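The values are calculated or read from the model by the stated rules, or taken from the named source; none is laboratory data. From a predicted model like this one, the values you see are computed outputs, not experimental measurements. Ideal geometry is used to build each Cβ from the backbone, glycine not excepted, and the neighbour counts take in all protein chains shown. Please note that ligands, DNA and RNA were not included when accessible areas were found on the heavy atoms of the full protein model with its side chains. Shrake-Rupley method; radii C 1.70, N 1.55, O 1.52, S 1.80 Å.
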Amino acid sequence: MRGNTRGLALCLCVLGLAVPTARAVEKAKVDQAIANGVGHLRTLQAKNGSWPYAEPGATGLAALTLLECDVKADDPVITRAAEFLRDASPKMTHTYSISLAILFFDRLGDVRDLPLIESLMVRLMAGQV
């Protein structure tokens, strides 16, 4: 039994030496990739504040992503998306769109959206089977 333990330990040491160490990603490269993504999302937004997909959930996802990438809540790209989602929310029926609208409005943090969040949550719960 003792020989097996030594053999296993030796094997693990050899494997540990054979595995290359992971390089840390440079912060500047990550920041540049985020800036590129933010720039690209900005170019895809339509004048009405939406992103070009059939469901408004895509707009919620894109706007939420921008907020998570430190785009300010008062940035025109966010305010247009918020207005689009506020207008679209009463007609939303898909759980994907409803869920992403809730996540976006919650992250946006505008207290005026609390009744809207509550109504979307009730609709989401009512849609559970």
Exercise. For segment 91-129, how many residues meet the condition of being within 15 Å of THR59 (Cβ to Cβ), open to solvent by 50 Å² or more (accessible area, probe 1.4 Å) and not aliphatic (A, V, I, L, M)?
Worked result: 4
Problem set entry | Yes/no for ALA46 being outside any loop (DSSP other than H, G, I, E, B) and open to solvent by less than 100 Å² (accessible area, probe 1.4 Å) | no
Exercise. Do the conditions hold for MET1, that is, is it surrounded by 15 or more Cβ atoms within 10 Å (Cβ to Cβ) and modelled with pLDDT under 95?
Worked result: no
Problem set entry | For ALA82: the one exception among (1) assigned to a helix (DSSP H, G or I); (2) open to solvent by 50 Å² or more (accessible area, probe 1.4 Å); (3) of a type outside the set (Asp, Glu) | (2)
Problem set entry | Selection within segment 94-127 - out of contact with any helix residue (DSSP H, G or I) (no Cβ under 7 Å at 6 or more places or on another chain) and in contact (Cβ under 8 Å) with a residue 12 or more places away in the chain | GLY109, ASP110, SER119
